[in-house]
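Peer 1: Below is one structure. I have some questions about it.
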Amino acid sequence: MTSIIYMIFKEALLSLIGKIGWKIIGERLSTRLVVYGLNKLKNLSTNSVVDSTVDDIIKMLKGKGLKALEEN
């Protein structure tokens, strides 16, 4: 009986993992890492990159992302 429940749980978990859009998750993770790195670069005192250039790159990377929730 335990093995049947284990197999059901295992199959359900594998099917959920299979349905995840890993390409999208990877793209969003890499974009967030790049934005984080650009913000750190902008804040360095030895920075030779113009702040507005970094802001423009970040704005282009964010594109038409998901809409933010409005706070009441």
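The values are calculated or read from the model by the stated rules, or taken from the named source; none is laboratory data. Keep in mind that this is a model prediction, so the values were computed, not measured. Here Cβ is always computed from backbone atoms with ideal geometry, including for glycine, and neighbour counts include all displayed protein chains.
Peer 1: Scan the stretch 15-34 and tell me whether some residue there is in a helix (DSSP H, G or I), more than 19 Å from the chain's Cα centre (by Cα) and modelled with pLDDT of 80 or more.
Peer 2: From the stretch 15-34, those in a helix (DSSP H, G or I) are 15-19, 22-34; that's our starting set.
Now drop any that are not more than 19 Å from the chain's Cα centre (by Cα), which leaves 15-16.
Those still in the list that are modelled with pLDDT of 80 or more too: 15-16.
Yes, there is a match, as at least one residue in the stretch 15-34 is in a helix (DSSP H, G or I), more than 19 Å from the chain's Cα centre (by Cα) and modelled with pLDDT of 80 or more.
Peer 1: Within the stretch 35-57, track down each residue that is outside any helix (DSSP H, G or I), surrounded by 10 or more Cβ atoms within 10 Å (Cβ to Cβ) and of a type in the set (A, V, I, L, M, F, W, C).
Peer 2: Val49, Val50
Peer 1: Take the stretch 8-41 and flag every residue that is over 14 Å from Leu61 (Cβ atoms) and among the small types (Gly, Ala, Ser).
Peer 2: Ala12, Ser15, Gly18, Gly21, Gly26
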